[in-house]
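Okay, so here's the structure we're looking at.
The values are calculated or read from the model by the stated rules, or taken from the named source; none is laboratory data. Every value quoted in this text rests on a predicted model; they were computed, and no experiment measured them. Reconstructed Cβ throughout: ideal geometry from the backbone, glycine too, with neighbour counts over all protein chains shown. Accessible surface areas use protein heavy atoms only, side chains included; no ligands, DNA or RNA. Shrake-Rupley method; radii C 1.70, N 1.55, O 1.52, S 1.80 Å.
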Amino acid sequence: MGILTWILFGLIAGAIAKMIMPGTQGGGWLITIILGIVGAFIGGAIGVYILHWGDVTSFWNPRSWILAIGGALIVLWIYGMATKKST
């Protein structure tokens, strides 16, 4: 159930991350949502392996949302830096 929950978190976290960090990352909403899913997995890994907060047990857990959105912001920022056009 943990993987499916992180995918759901990622869908929503990607949209929230795009609202928090608007810009010219490119790719539109589809790429943002995919990056949100990747970010949610990364945020979940940080929560489990570094912070020792445990796995996702509830959709209403605030720590899970913080990890998912934080991971999505990190991945979105890295993607923006990687696709940034030099002037």
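Listing for the model above:
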{"read-out": "Contacts under 9 angstrom Cβ, first residue in region 1-21 being under 15 Å from Ile66 (Cβ atoms) and without any contact (Cβ under 8 Å) to a residue 40 or more places away in the chain, partner among the hydroxyl-bearing types (Ser, Thr, Tyr) and part of a helix (DSSP H, G or I), 6 or more apart", "value": "none"}
{"read-out": "Residues located in region 67-81, provided they are β-branched (Val, Ile, Thr), surrounded by fewer than 21 Cβ atoms within 10 Å (Cβ to Cβ) and in contact with a helix residue (DSSP H, G or I) (Cβ under 8 Å, 6 or more places away or on another chain)", "value": "Ile74"}
{"read-out": "Among (1) open to solvent by 30 Å² or more (accessible area, probe 1.4 Å); (2) modelled with pLDDT of 80 or more, the one test that Lys85 misses", "value": "(2)"}
{"read-out": "Any hit, region 4-21, residues being hydroxyl-bearing (Ser, Thr, Tyr), more than 9 Å from the chain's Cα centre (by Cα), assigned to a helix (DSSP H, G or I) and at pLDDT below 80", "value": "yes"}
{"read-out": "Residues located in region 35-64, provided they are aromatic (Phe, Trp, Tyr) and either open to solvent by 80 Å² or more (accessible area, probe 1.4 Å) or modelled with pLDDT of 75 or more (or both)", "value": "Phe41, Tyr49, Trp53, Trp60"}
